[in-house]
Amino acid sequence: PQYEREALSAFACEGPVEEAQMRDLKDRVRASQHKVSVRSYTCTYGGIVNGHPSTADLDNFCTAVIEDLWKAIRQTCPPALGVPSPVEQMRRSQERFQSGHTQVFS
C-alpha cells in the first residue's frame, strides 16, 4: 500500500516480541468464555490527518461493531413493557402514598 514510511510505526507492531504478544492476546480473547466479538478487517492508509496517520475504508467494520453493540445492549437491557397509562400512573402513585402512610400508623 501507499503510505509514508514514518507512519508505519503507528499501525505495526514494534518487533517480533510485540507481534507474538498481539497474537497471544487475540487468541486469549477468542478463547474467552465471555461473549466477545473478534473480527479481522481490512483498511487502507488514509494519509496524515491533523498531523497523525489515519486509516480509511472502515465502513464495514464500523457497521459490524455497531450491530454487535446494539445486540449486546438489547440482551442486557430489554425494552420496557411500555409507558403506563395516566390512570395506571395515578394508581401506582396512590399505592405508594398509601403504603408510605400505612407504615407510619402501623
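Highest mean packing first, where packing is the average number of other Cβ atoms within 10 Å per residue, the peptides 25-34, 50-59 line up as 50-59, 25-34.
Convex hull of alpha carbon positions in the stretch 53-106: directionally averaged projected area 8.1 nm². What fraction, in whole percent, of alpha-carbon pairs in the stretch 23-83 exceed 20 Å separation? Counting pairs separated by more than 20 Å, the tail of P(r) holds 53 percent. Per residue, the stretch 17-106 exposes an accessible area of 91 Å² to a 1.4 Å probe, with every protein chain left in place.
Near the amide H of GLY46, within less than 5 Å, lie the amide hydrogens of SER54, THR55, ALA56, all on another chain or at least 5 residues away, with H placed in the peptide plane.
Backbone geometry of the stretch 58-71 corresponds, through the Karplus equation with coefficients 6.51, -1.76 and 1.60 at θ = phi - 60°, to 3J(HN,Hα) couplings of 9, 4, 5, 5, 4, 4, 5, 5, 5, 4, 4, 5, 5, 4 Hz, x marking Gly and Pro. Computed in the context of the full set of protein chains, the accessible area of the chain at 1.4 Å probe radius has 57% of its extent on carbon or sulfur.
In sequence order, the stretch 90-98 has phi-based couplings of 5, 4, 5, 4, 5, 4, 5, 4, 5 Hz under the Karplus curve 6.51 cos²θ - 1.76 cosθ + 1.60, θ = phi - 60°, and Gly or Pro positions carry x.
The Stokes-Einstein estimate for the chain, based on a Kirkwood radius over Cα pairs and taken at 37 °C with 0.692 mPa s viscosity, is a diffusion coefficient of 167 µm²/s.
The values are calculated or read from the model by the stated rules, or taken from the named source; none is laboratory data. Every value quoted in this text rests on a predicted model; they were computed, and no experiment measured them. Quick reminder, even Gly has a Cβ in these numbers, built from the backbone with ideal geometry, and neighbours come from all protein chains shown. In case anyone asks, the SASA skips ligands and DNA or RNA and just uses the protein heavy atoms, side chains included. Shrake-Rupley method; radii C 1.70, N 1.55, O 1.52, S 1.80 Å.
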